[in-house]
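The values are calculated or read from the model by the stated rules, or taken from the named source; none is laboratory data. Just so you know, these numbers come straight off a predicted model, no measurement behind them. Note that we place each Cβ from the backbone using ideal geometry, even for glycine, and neighbour counts take in every protein chain shown.
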Amino acid sequence: MTTREAALDTVLADLLARHGRDPGRLLQILLDVQARFTRVPPEAVPKLAAALDLPIGEVESTVEFYSFLSRTPVGDYRILFSDNITDRMLGNQTILDHMAKRLGVRAGEVSEDGLVSLDTTSCTGMCDQGPAILVNGIAITRMTLRRADQVCDLVRNRVPVAEWPADFFRVEHNIRRADMLLGADFMPGSAVKAAIALGRDRFLEEMRISNLRGRGGAGFTTAVKWEAARNASGDERYVVCNADEGEPGTFKDRVLLQYYPERVFEGMALAAYAIGARHGFLYLRGEYLYLRPMLEEKLVELRALGVLGRSIFGVGDFAFDIEIHMGAGAYVCGEETALIESLEGKAGRPRIRPPFPVTSGYRGLPTVVNNVETLCKVTEIALHGGAWYRGYGTKQSTGTKILSVSGDCARPGIYEYPFGVRISQVLEDCGAVRPRAVQISGASGQCLTPREFGRRIAFEDVPTAGALMIFGDHRDMFEVALNFAHFFRHESCGFCTPCRVGTTIQAKIMDKIAAGHGTQYEMNELEHLHEVMRTASHCGLGQTAGQAIADTIAEFRGDYEKRLARRDFEPAFDLDAALARAREVTGRDDADSRLVEEGWQLRETTR
Amino acid sequence: MSDDATFMLDGRPIRFEAGQSILQAALAAGAFIPNLCHHPEFKPHGSCKLCTVKVNGRASSACTTRARAGQEVASDTPELNRHRRTLLQMLFVEGNHFCPGCEKSGQCRLQALAYDLEMLNPHYEHFYPPRPIDASHPDVLIDFNRCILCALCVRASRDVDGKTVFALAGRGTAQHLVVDCPSGKLGDTDFAATDKAAEVCPVGAILPKRVGFAVPIGERPFDIEPISVQAAHAAHAEPRG
Amino acid sequence: MRHVAPTPPRRKLRVATASLAGCFGCHMSFLDIDERLLDLIDLVEFDRSPITDIKHCGPCDIGIIEGGVCNAENVHVLWELRANCKVLVALGACAVNGGLPAQRNHLDVGSCLARVYRDRAGGEVPDDPELPLLLDKVRPLNEVVRIDFFIPGCPPSGDAIWKYLTDLISGRMPRLEHPMLHFD
């Protein structure tokens, strides 16, 4: 046995012991392996499979699914640039190019000495304080060229990330408008005590009266979900907090987790109380790794307070605790069944529904999956009752909604409004700069133009998971759609045909248009592909992946048309570039070794 | 009057048994709904999406949707068939499907559906992905070029053979079939030519060795009769009890 | 289907044909329409085609192309036909999806040339400008120019070609169904 292999064995043995040899913790183990070796070494796969009694194929499947796991080594310093459109608008590409030059490594590559790797990643949820990067998984905000230089120096001098200036890692809450949730004081334990005072049935009744609906986007009534889980048969029940806030442009859950963690955890305890769960999971997106130590500390505090643990506040059959699971760079895990697969250590492919998680979720048992914000709202209902809660918002959308506002405005950040607020109001409050369009609810949402700014944020009008990205009148909406197309190609899980292949073809076509080689033909193709993806895809990802393209074509066709070639057809690929390899090996550069269509162009157009 | 256990498929009443999916009931009644990742012996997978139908106006996969009394199911419509053609074209350009050189030609469900839906060309730019061939097993060959990720072999090996020889790994178009052993080679597993997983591949990705072109091209099952007609015949030959 | 009498067009249609990266099998299959060639000749006249040995084509109604696109010369021929034909038909597997020649697409064309000419023959890769340069991948026609109609098959049968062409000539929307629709 080589020393390297022995070292691997030692590390794996230690990790396996720490994770209790639980196959459900495979992803958590792999994240630790990745952090330790800057990759998942190929030899680790069969070893882990044997130790966890899993097929090798299943371990491979998990390893290859998550962006933050890598089969080939990344740098000792792994720098990932958040590449949402809002990061782009804040100039992340200039900074990326600058760093690439200074570090002598291109995006997507690792430096020869293995010191540093540079790449882009999907939105890291810092849109109000971008451009943002992740260094070894930890978020750095407000990147500038100066800060980039500092980062380069620290990397060159091999300064451990833990010793970098604290200011780099400062994540502001940027709460610009606080309402019933963000503006209220909260005494940890008070909500659980209030619910216990009511008793399970009356607390659930209050939940029903409140008509609270899920804040993750789908808007399912929380009380109905809880009751279904409570009534489902199963020896165990689970509460899962979906903190996989991956929708580009959304960052309100990050603020709630960082500044209102007691609310989040207590909301989970309330759900557990209502449905009779003993075990909860916080599924935290990998991009929010920086929050983990603080959240773990908070759990310790809550256990000491008696909000978590056995016989909570003296209720004999109320035992509940929470475990934090990390995501690893997969947007699709925001879909609740994909999230559950991921919690079980597997690749995050959405399941077939029905059965729904409330009857068959984590390990096939009744499971409630709630969004971070929803769980915070639950504490309000426990404290103040359903009728009070219903006093806010609209009939079908009760209470308040927290919006993540970014893009072209003077005051990006977090805005809490009662449901029913007009988009124009939000735009005025945040100081939007001559808005040309607003992308509601992220890349998968809808694109609204000024004539729709009078519409209201509510499930009955404009539903949203909370993102509001503003594009000023100097912005090119094709660039926005192009950014989203690349995002969806990267994030499609690959399970179903329309999404797997459709997102790739759409991205290719968008690239072709971007390169000036698109025609009306490609425009029609984009719309047809969207129609097929919308109709036939397995989950919301594929069904909405082409929406931004369809919306921007409908509303901002000019942004596409100015790029179109003035012909009815353009080849699928660069013909002359396709001869480059043969030119190189033959050493030819004569006229016949080139494919230039100019002469033919004339003949074609006069045909 | 709507029967207790009947739904309407393109205007035709289809009787079903409790627990059947729309696809199962339709196939049992001899009404063909195009499908690729479905197999009567396995749990539905719902990934190919060829069987997408409209149930009371809402799109869903016929293989994963329970049949219920009174449903109005639309399947054989120009719109849905156009979508299906697009899905087939996606599968064709995503892999390397060279029918004239494939032993499965004429017995391949992907090809047969393309005939049935009159797909004349793959339409989209070909990906031409570089994919390997695994000839390590003495009796069975895997040509990954033709794999359509239907997971039938995965399910057959796991659920029938009890071996878990196969799994799907990777994300997006990088998704691919993996073989469950340290070398990743089929020859190093306990896979056998008699396994269920050796016979369920709907395309020419998993093929027995040494049986090349025993039946000449032109005389193979789908050369003789379209897949939709065969499905109708099969239903009449073995009415489901 | 062979008994469907084509409706004669007002004038004879002008047809060009070409074979790119293919095996001429589709042209051979075209000739397999046998005695119907006599019917066809009443309806059409041939411009550039291996049948006429005319080297460049003038304005035509229909262009029929066999084979995929594997080199620069193929591209030029395709451009010429596209520029001169009102309607272009991709005939056969190679024209439709690259076919057999496209089986080289997973190989690096530079390494192939080097291996054949340098490593094995001990010489140099030929650099004669007369030789058309190879594209890095063999492509179907519709990835290079707009194609109006596709007749798959390796080769398509004479019957399929006859059916398709007579539909086209008669102004009907051409259609191929079982058993004439074949990919092999």
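For this structure, a couple of remarks:
- Any helices (runs of 4 or more DSSP H) falling wholly within region A:307-416 and containing at least 2 residues that are within 18 Å of the chain's Cα centre (by Cα) and in contact (Cβ under 8 Å) with a residue 40 or more places away in the chain: A:336-343, A:372-384
- Per-region count, region B:147-169, residues buried (at least 23 other Cβ atoms within 10 Å of the Cβ) and either over 21 Å from the mean Cα position of the chain (by Cα) or more than 13 Å from chain A (Cβ to nearest Cβ) (or both): 2
- Region A:105-178 holds strands (runs of 3 or more DSSP E) entirely within its bounds, and those carrying 3 or more residues that are modelled with pLDDT of 95 or more and aliphatic (A, V, I, L, M) map to A:133-135, A:138-140.
- Of all the numbered requirements in (1) in contact with a strand residue (DSSP E or B) (Cβ under 9 Å, 6 or more places away or on another chain); (2) in a helix (DSSP H, G or I), B:Glu103 misses one, and that requirement is (2).
- Among the residues making up region A:28-66, a single one is small (Gly, Ala, Ser), facing chain B (nearest Cβ under 8 Å) and either free of Cβ contacts under 8 Å to residues at least 60 places away in the same chain or more than 14 Å from B:Gly184 (Cα to Cα) (or both): A:Gly57.
- Selection of region A:497-526 for residues being more than 20 Å from the chain's Cα centre (by Cα) and among the β-branched types (Val, Ile, Thr) yields A:Thr497, A:Val501, A:Ile505, A:Ile509, A:Ile513, A:Thr519.
- Within region C:130-184, tally of residues that are in contact with a Lys or Arg (Cβ under 8 Å, 6 or more places away or on another chain), away from every other protein chain (no Cβ under 11 Å) and assigned to a loop (DSSP other than H, G, I, E, B): 0
- Evaluation of B:Pro130 against (1) more than 14 Å from chain A (Cβ to nearest Cβ); (2) closer than 26 Å to C:Arg104 by Cα; (3) touching a residue at least 24 places away in the same chain (Cβ under 8 Å); (4) assigned to a loop (DSSP other than H, G, I, E, B) (one fails), failing number: (3)
- Inspection of region B:87-107 identifies no residue that is within 27 Å of A:Pro354 (Cα to Cα), over 16 Å from the mean Cα position of the chain (by Cα) and either facing chain A (nearest Cβ under 9 Å) or surrounded by fewer than 20 Cβ atoms within 10 Å (Cβ to Cβ) (or both).
- Each residue in region A:293-340 was checked for being acidic (Asp, Glu) and within 23 Å of A:Gly125 (Cα to Cα), and 5 of them qualify.
- Residue under evaluation B:Gly187, criteria (1) within 12 Å of another protein chain (Cβ to nearest Cβ); (2) within 25 Å of A:Asp53 (Cβ to Cβ), criterion not met: (1)
- Filter result (surrounded by 21 or more Cβ atoms within 10 Å (Cβ to Cβ) and touching a strand residue (DSSP E or B) at 6+ places or on another chain (Cβ under 9 Å)) within region B:170-188: B:Gln175, B:Leu177, B:Val178, B:Val179, B:Asp180, B:Leu186
- Under the condition of being of a type in the set (S, T, N, Q), more than 14 Å from A:Phe495 (Cβ to Cβ) and either assigned to a helix (DSSP H, G or I) or in the same structural domain as B:Lys43 (by TED's automatic domain parsing) (or both), the residues counted in region B:137-193 number 2.
- Single unsatisfied condition, A:Gly494 versus (1) within 14 Å of chain B (Cβ to nearest Cβ); (2) more than 19 Å from the chain's Cα centre (by Cα): (2)
- C:Ser111 meets all of the listed conditions (1) within 30 Å of C:Ile64 (Cβ to Cβ); (2) free of Cβ contacts under 8 Å to residues at least 40 places away in the same chain; (3) within 13 Å of chain A (Cβ to nearest Cβ) but one, namely (1).
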